[in-house]
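Presented below is the structure to which this report refers.
The values are calculated or read from the model by the stated rules, or taken from the named source; none is laboratory data. These numbers were taken from a predicted model, which means no experiment stands behind them. Note that each Cβ is placed from the backbone with ideal geometry, even for glycine, and that neighbours are counted across all protein chains shown. Note: accessible area is taken over every heavy atom of the protein model, side chains too, but ligands, DNA and RNA are not part of it. Shrake-Rupley method; radii C 1.70, N 1.55, O 1.52, S 1.80 Å.
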Amino acid sequence: QVQLVESGGGLVQPGGSLRLSCAASGSIFRLYVMGWYRQAPGLQRELVAVITDGGRTTYADSVKGRFTISRDNAKNTVYLQTNSLKPEDTAVYYCKANHATNNYWGQGTQVTVSS
């Protein structure tokens, strides 16, 4: 079982930035494909960004050029740097770990973009 704990969410003004973190338990973090997803009220959960065990990254079109996903295998942590935030980025952001057929989710961290 993998435990994931997100942090770093909060209230920010449009144009601002936040750095989300997701700390994972386990000794094989370096083998996980890690992803950030988000879910706004009344909407389905959607992919934001993914980073493979080899470091390849994929982004949703809506966040390209504004968000950056990265990982630190020594710290068992994946990050999501969010810049130029917009009100439509408001959502609960979830971290997901994938290894083989196993998927693990964190509890989520709220990001609210409002003036």
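Any residue that is within 15 Å of residue 10 (Cβ to Cβ) and in contact with a helix residue (DSSP H, G or I) (Cβ under 6 Å, 6 or more places away or on another chain) - is there at least one of those in the stretch 98-113? The answer is yes; a qualifying residue exists.
A single member of 7, 84, 70, 115 is touching a residue at least 12 places away in the same chain (Cβ under 8 Å), touching a Pro at 6+ places or on another chain (Cβ under 8 Å) and surrounded by fewer than 19 Cβ atoms within 10 Å (Cβ to Cβ), and it is 115. For the stretch 54-61, the count of residues that are surrounded by 14 or more Cβ atoms within 10 Å (Cβ to Cβ), part of a loop (DSSP other than H, G, I, E, B) and among the acidic types (Asp, Glu) is zero. With respect to the stated conditions, residue 41 is at pLDDT below 95 and over 21 Å from residue 2 (Cβ atoms).
Look through 92, 78, 50 and report the one residue that is of a type in the set (Val, Ile, Thr) and either modelled with pLDDT under 95 or crowded, with 21+ Cβ neighbours inside 10 Å (or both). Answer to the selection: 78. Evaluation of residue 97 against the conditions (1) open to solvent by 70 Å² or more (accessible area, probe 1.4 Å); (2) small (Gly, Ala, Ser); (3) touching a residue at least 40 places away in the same chain (Cβ under 8 Å); (4) closer than 19 Å to residue 5 by Cα shows that the sole unmet condition is (1). The set of residues in the stretch 10-40 that are under 20 Å from residue 107 (Cβ atoms) and surrounded by fewer than 15 Cβ atoms within 10 Å (Cβ to Cβ) comprises 10, 11, 19, 25, 39, 40. Among the residues of the stretch 50-80, those identified as under 13 Å from residue 20 (Cα atoms) and either in contact with a Leu (Cβ under 8 Å, 6 or more places away or on another chain) or hydroxyl-bearing (Ser, Thr, Tyr) (or both) are 67, 68, 69, 70, 77, 79, 80.
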